1. What residues qualify as long-range amide H neighbours of residue 273, i.e. H under 5 Å apart, gap of 5 or more or another chain, H built at 1.01 Å from N?
2. When you count, for each residue, the other Cβ atoms within 10 Å and take the mean per peptide, how do 343-355, 271-283, 201-213 rank with the highest first?
3. Could you report segment 92-206's accessible area per residue, 1.4 Å probe, as an integer in Å²?
4. Which value in Å is the Kirkwood Rh of segment 232-291 over different Cα pairs?
5. Extending each Cα 7 Å along its Cβ direction at residue 170 and residue 357, get the distance between those two points in nm, one decimal.
6. Largest first, what is the accessible-area ranking of 156, 394 with a 1.4 Å probe?
7. Based on the alpha-carbon gyration tensor of segment 160-293 and its eigenvalue square roots a ≥ b ≥ c, which shape applies: rounded if a/c is under 1.5, prolate if not and a/b is larger than b/c, or oblate?
8. Skip the ligands, DNA and RNA, and give the accessible area per residue of segment 209-250 with a 1.4 Å probe, whole Å².
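The values are calculated or read from the model by the stated rules, or taken from the named source; none is laboratory data. These numbers come from a predicted model, not from an experiment. Note that each Cβ is placed from the backbone with ideal geometry, even for glycine, and that neighbours are counted across all protein chains shown. Note: accessible area is taken over every heavy atom of the protein model, side chains too, but ligands, DNA and RNA are not part of it. Shrake-Rupley method; radii C 1.70, N 1.55, O 1.52, S 1.80 Å.
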Amino acid sequence: MAAALTSTRFCCSRPPLPPLPGRGRRSVARCALPGGEKRNSFSWKECAISVALSVGLITGGPTLGSSAYASPLEPVIPDVSVLISGPPIKDPGALLRYALPIDNKAIREVQKPLEDITDSLKVAGVRALDSVERNVRQASRALSNGRGLILSGLAESKRANGEELLDKLAVGLDELQRIVEDKNRDAVAPKQKELLQYVGTVEEDMVDGFPYEIPEEYSNMPILKGRATVDMKVKIKDNPNIEDCVFRIVLDGYNAPVTAGNFVDLVERKFYDGMEIQRADGFVVQTGDPEGPAEGFIDPSTGKIRTIPLEIMLHLNMLCLTITWGHDFQELGRYKAQTKLPFNAFGTMAMAREEFDDNSASSQVFWLLKESELTPSNANILDGRYAVFGYVTENEDYLADVKVGDVIESIQVVSGLDNLVNPSYKIVG
């Protein structure tokens, strides 16, 4: 069977799932049953305990010592305050913007009202444009008042590009204002998307180098020091309206460098090309289990399955970020910790692993299909237990049409490959 969120044993909010077709155990969500039988579902008792832990009903618990790595990072107060207040952020672009290792309040004050346009447009008819106009004016004012602070936050090598983008952003805001005045509601969302792309790129230009050291134990693994974008082309067999669908995925090496690096390395090896989807149950879409008895990628240089540690970036408090390797949040006693990459968005991408082995992930990956209101950030059995390392940012809705047996025709890196260090695919054998 195929690996699930953990490695084929998962699904608390649903009835037990039947075993997946195939050979033996995998990295999906699976739970142990009497007599050694396994299935793709947590027991309801375990589910209840997990949910209780996740929502913080159980607040005690021991903290592990040196067995778990933790690397302190610089404070990023605006990001935390936004992510933990109000309704959950579901947009993958917004989640990626807030996940950047920056601390520039001025650019966040431009970003927030532009993102709020999405909610403004939920109002019926042209009345929504009144709220949109307020959003646009707030963003324009923030850009005008904060331009100097935004420029001061840019990495020196990227300052010229950042200035050009801010100019485009100012012009775009004026254009959006005219769109609103002309009551052209249909043109608002495309222009909003364009402006948020400018904002996101400016924020990326604020990152100067990689923000922390990778532990020596993992430093020789493929590591993504930054971000990369990949296109995954899937041949969907049973939907006459969709044949070939390309999913664009942004991989976040700032918050999961080993996990994202492992995946990019496998992509460059063409590991996933021609592989079938192995699980699609309305809760997750999963793949990555190769043909043969092995449940992961066999490194030709060692002849053994290459595994990676569980890797999760978390907020210890409002002032401090830490990345952990090797243990989930429950084991660390951090039941209320905020994950930097939460399971909020439809199409959240994460590693599957064995349920009782945090460091067993290899090549099996899954995409989550859910509404975050049902299982919001840090109040579910996923955040802090599985390593998120990216989000589907284009065509994510079509993940719901993917079925078992559909074929991944190719995955290609379209940007960010230069951020990969220690690539094993370049080593012969």
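1. Here 411 satisfy the definition.
2. Those peptides, ordered most packed to least, come out 343-355, 271-283, 201-213.
3. Details: 5500 Å² over 115 residues.
So segment 92-206 comes to 48 Å² accessible per residue, rounded to a whole number.
4. Over segment 232-291, the inverse of the mean reciprocal pair distance is 13.3 Å.
5. So the two model labels end up 5.8 nm from each other.
6. Largest accessible area first, the list is 156, 394.
7. It comes out oblate by the Cα gyration axes.
8. 51
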